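Working notes, structure below.
Rule-based calculations on the coordinates, nothing more; no lab input. Remember, it's a predicted structure, so these values are computed and weren't measured experimentally. Reconstructed Cβ throughout: ideal geometry from the backbone, glycine too, with neighbour counts over all protein chains shown.
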């Protein structure tokens, strides 16, 4: 029994993986809980904040993922300062294709979660690939200028939820409320959770926030197989 427990713990670990995207080697981190091996479950793409890497959010989601059978995937941005032109939808498609070679998951339950710079990028990716991902949830982020222009062109009103602290100095509450209003005006039904006296520090309250995020995401699904929109100019 002890050996079986040790083997299970060893198997349920975060691994560092690589995939070639547009001729460049890209890194992502992967966590596959035992429950996800027993039956295909959801997949959660996690977008880190500035100065971090793809592993950081997996560390904070790992315990919940074990319980809920969530496959966690955390790509590295091209540069640690934030997400850029080389981190478009094609990166996530290639990473997900790579994950699919390693584990079976439910393709109609693929979600995006981002924090800070990853939240800004997550909103944009969700709008660009609204028929590929089932839903998007973000902590401490707003629509970028590009994201605002993408709101009207999303073919599906993808479910979106936002979390922000009322004392976040980097993403003031008024700015997040504007993002919420823009989405509403374009026919989306975004959910906004304002956390009293909370700052930008996701990590100190990640357990609480993650449970709320998962409550929002877990029942969202696509009505058909995911449709990827290719934006690459060939």
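Table for the structure above
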read-out	value
Rounded tilt (10° steps) of 173-185 against the dominant C-alpha axis of the chain	90
Using alpha carbons only: equivalent-ellipsoid semi-axes of the chain, gyration tensor based, whole Å	27, 21, 17
With Cα atoms, 0 to 90° folded angle of helix 55-68 axis to the chain main axis	70
Pairwise FRET efficiency - residue 186 versus residue 80, Cβ, R0 = 41 Å, nearest 0.05	0.80
Max mean-square fluctuation residue, GNM over the chain, Cα-Cα springs under 10 Å, options 96, 195, 70	195
The range 49-136: C-alpha gyration tensor shape, a/c 1.5 cut-off, then a/b vs b/c	oblate
Cα-projected label distance for residue 149 with residue 207, points at 7 Å along beta-carbon direction, nm	4.4
Antiparallel bridges, percent of DSSP beta bridges restricted to the range 14-217 (to nearest 5)	35
Within the range 78-105: backbone nitrogen closer than 13 Å to the residue 22 label point (7 Å, Cα to C-beta)	78-79, 84-94
Nearest-ten-degree value, helix 89-100 long axis tilted from longest Cα axis of the chain	20
Convex hull per residue volume in Å³, alpha carbons only, for the range 90-174	102
Full-extension gain in nm, residue 230 to residue 50, via 0.36 nm per residue minus C-alpha separation	62.2 nm
Highest-MSF residue in the chain out of 156, 108, 205 [GNM, Cα springs under 10 Å]	205
Separation between Cα centres of the range 73-111 and the range 121-179, rounded to whole Å	18
Separation in nanometres of the label points that stand 7 Å from Cα toward Cβ, at residue 108 and residue 173	3.9
Choice from 193, 27, 215 with maximal GNM fluctuation in the chain (Cα, 10 Å cutoff)	215
